[in-house]
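What follows is a short report on a single structure.
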Amino acid sequence: MSTIGLVARLLCRRSPNNFAASYLSTSSFIFGLPTKGGFNSKLVSCSQAVSCSLVLRKNLVLTSSIQSRVYGPEDLSERKDEVHHWTNERYLGLALVPLIPAALVYPNIVLDTALCSAMVLHIHWRLIGVIQDYIHGSAFNVFKYLIYVLSVCSLGSLCYFNYSDIGFARAVRLVFSQL
């Protein structure tokens, strides 16, 4: 609501009868409008202020719904699979909460491998969800296989780093100790 409309409503509410309201609608008053440099005084009539505070009713146009299927589960078995997958994603996200601090506090090969596997799987599922939501048609299969290849390569390289070098958690600790 505009400030002018608020002042006009307050002035018109204080009037005890229609005579005072009609008097206010014909009278003018000086109103201060806030600006960057302070207040700007402006002469505004009460009828202008009341008309500024009124909200015109807009006509809504309703469109018909789409009758064809829009990307989603077709039958009950697909819905059950998607709910099961959604639940597994949430369990993995909850498992990462204690796994990340445990791997950083007690760095060893078992926790490093578990952390890297869980992180790659979590990122893989999220990327697959993104391309399912935003990419359709033949490009979907290309991006899906590309994400599979990137996930397998990243898991393989992280496992190689864990077994042949200092490990993921020690590397993270080393990076943050050098900052």
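How charged is the neighbourhood of Thr87? Take every other residue with its Cβ under 12 Å from the Cβ of Thr87, and add Lys/Arg as +1 and Asp/Glu as -1.
Net of charged neighbours comes to -1.
Tally Lys and Arg at +1 and Asp and Glu at -1 over the other residues with C-beta under 14 Å from the C-beta of His122: what net charge comes out?
+1
When Rg is the radius of gyration of the Cα atoms in the range 80-138 and Rh is its Kirkwood radius, what does Rg/Rh come to?
1.10
Per residue and in cubic angstrom, what volume does the convex hull of the Cα atoms of the range 76-178 have?
Numbers: hull volume 12.1 nm³, N = 103.
In the range 76-178, the Cα hull volume divided by residue count equals 118 Å³.
Values in this text are rule-based calculations from the coordinates and carry no lab data. This structure is a prediction, so every number in the text was calculated from the model and none was measured. Positions of Cβ are backbone-derived with ideal geometry, glycine not excepted, and every protein chain shown enters the neighbour counts.
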